[in-house]
Amino acid sequence: MDDLIDGLLSGKVRPLAKAITVVENDQPGKRELLKRIYPKTGNAYLLGITGPPGAGKSTLTDKIIANLRKQGKTVGVIAVDPSSPFSGGAILGDRIRMQQHALDDGVFIRSMATRSNLGGVAKNTVDVIHLLDASGKDVIIVETVGVGQDEVDIVRIAQTTVVVMVPGLGDSVQIAKAGVMEIADVFAVNKADRDGADKLFSEIRAMLDMVKGDIKPAIFKTVAVDDVGIEELVQGIYAHGERVVASGLMEKKLAEKAESELRAYLIDNIMERSTGLTIYDDVVKRVAAKEITPMDGVEEIFAGLEMMAS
Amino acid sequence: MDKKIKVLIAKPGLDGHDRGAKVVSRALRDAGMEVLYTGIRQTPEQIVATAVQEDVDSIGLSCLSGAHNKLFPKVVNLLKEKGAGDVLVFGGGIIPNEDIQGLKDAGISEIFLPGTSTEDTIEFIKNNVK
Ligand code: B12
Ligand SMILES: Nc1nc2c(ncn2[C@@H]2O[C@H](COP(=O)(O)OP(=O)(O)OP(=O)(O)O)[C@@H](O)[C@H]2O)c(=O)[nH]1
Ligand SMILES: [Mg+2]
């Protein structure tokens, strides 16, 4: 464990990779590992990339990495792909777009499957971010799975969330109701080489004109495959980061993030203890038989937990 | 939580035949494994760097171009250099029977030729990944 931690803190690749495996799979030692590296976290800039399937998130990530590297920044990437609900397996295909960076020591890319976690990222994504952060990466990019309308956990994780949109996915009503629209700090209208990009751009801009938020999202056109518009996008991302700090929103964001992390573990922990109670199965049965309501079932379980504690 | 078996399916060299690699990737996914597919035209160095970062249990190499005798052992040697010699390496593609023993001696655990069922590959991985 000491070797693992020393190695990862000094930025070595294999210890970092092994530590991520421990964390991703909830293996023994995870709690100790996180406890020891936690004080070294909080230095990286966290960038989220989300948007519908096939929008170009991975291709854009690849180009953003290249841009950041030119500025001398080290980069960690977590690329999340969906697990099959049938087999539990997954094809982790995001990385295929980023292989030009495979031999760059300043870039560490890790793929994760959602393992049926909802929300667009994997359950342990946040903990993997902590490891990359502690290993000294300047910027950490999280690419979510291709999202529909409500997989928006990324907003609680990232300091800046880029929503990638592409022409041809639907009319303006669909755009308006998509949950991902509301979480954007920065918009990238990707595949701007295609018909409809200008229309989409003005539709999003018109929508933004009606928003009254603290900071209005900026919007950029990109052609990720041709490396067009990336410099402007990265500048826009930094500009957002600076505005967040200047407006004092940073503290609020960090507090929200901390609370959401705490909450996730709290729920996990309560569930684990509850399902461990001998009365648990019986309570489930009685709820199913409509003898008691789910709310009363919770009261019984909490009574059981209190008895265990005393 | 059961740890999922994580496999990297990779195509070293200039070989562009990717159907077999994709068929195998999907079969392993359907068998409940987490499969990284990194596309065609990967150097052995890229494949090994990827395997180390992703901490995969196993690497499946696919080659139909005839360059397997050079590329497959290179991957095994680089893995050892990076301290990842414990990763299970196997392969498949158009590979003459007379080359198989040499590849096994070089550290490639098994070779799967056209016509073998993906079930055999799945069995093999499940039995040999620690
Ligand atoms: C389709 C095909 C093509 C397609 C490829 C399309 C694509 N995107 O894949 C096209 C037309 C593009 C093509 C081009 C060429 N081809 Co071609 N092609 C074939 C052909 C007819 C079938 C291959 C195929 O897709 N099979 C179906 C898949 C599912 O089977 P598979 O790949 O063999 O995979 C199975 C197993 O091998 C194994 N397997 C494969 N990989 C792996 C990996 C792991 C980890 C495991 C466990 C198992 C495994 O499991 C799979 C499922 O059972 C073969 C002949 C043949 N009968 O194999 C020639 C063949 C492979 N091609 C050949 C040649 C020479 C070429 C060209 C050089 C021709 C030319 N002069 O231009 C080019 C090179 C292209 C390139 N950039 O590399 C030769 C190779 C000769 C050699 N090795 O010495 C072959 C053998 C034909 C021949 N008899 O001469 N080709
Ligand atoms: N025409 C055009 N195609 C693009 C552009 N950017 C990406 N693509 C293509 O779009 C396809 C999907 O790109 P990815 O980067 O894999 O998209 P993604 O959003 O990461 O996809 P998922 O992770 O599967 O949701 C690929 O074939 C890319 O080459 C672009 O700007 N213009
Ligand atoms: Mg992707």
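The values are calculated or read from the model by the stated rules, or taken from the named source; none is laboratory data. Computed from a predicted model, the values in this text were never measured in an experiment. Don't worry about glycine lacking a Cβ; one is built from the backbone with ideal geometry, like all the others, and counts go over all protein chains shown. Heavy atoms of the whole protein, side chains included, go into the accessibility calculation; ligands, DNA and RNA do not. Shrake-Rupley method; radii C 1.70, N 1.55, O 1.52, S 1.80 Å.
The criterion of at least 2 residues that are open to solvent by 50 Å² or more (accessible area, probe 1.4 Å), in contact (Cβ under 8 Å) with a residue 60 or more places away in the chain and more than 16 Å from ligand 1 (Cβ to nearest atom) is met by none of the strands (runs of 3 or more DSSP E) falling completely within region A:66-154.
Scanning region B:5-27 for residues that are open to solvent by less than 60 Å² (accessible area, probe 1.4 Å) and more than 7 Å from every other protein chain (Cβ to nearest Cβ) yields a count of 16. The conditions of being modelled with pLDDT of 95 or more, among the hydrophobic types (A, V, I, L, M, F, W, C) and not assigned by TED's automatic domain parsing to the domain that holds residue A:262 are not met by residue A:154.
Would you list the strands (runs of 3 or more DSSP E) that sit entirely within region B:1-98 and hold 1 or more residues that are among the polar types (S, T, N, Q) and in contact with a Lys or Arg (Cβ under 7 Å, 6 or more places away or on another chain)?
B:58-63
Among the residues that make up region A:25-47, is at least one of them within 16 Å of ligand 3 (Cβ to nearest atom), crowded, with 17+ Cβ neighbours inside 10 Å and assigned to a strand (DSSP E or B)? Yes, region A:25-47 has at least one match. Among the residues of region B:108-123, are any under 30 Å from residue A:128 (Cα atoms), within 14 Å of chain A (Cβ to nearest Cβ) and not small (Gly, Ala, Ser)? Taking every residue of region B:108-123 in turn, at least one turns out to be under 30 Å from residue A:128 (Cα atoms), within 14 Å of chain A (Cβ to nearest Cβ) and not small (Gly, Ala, Ser).
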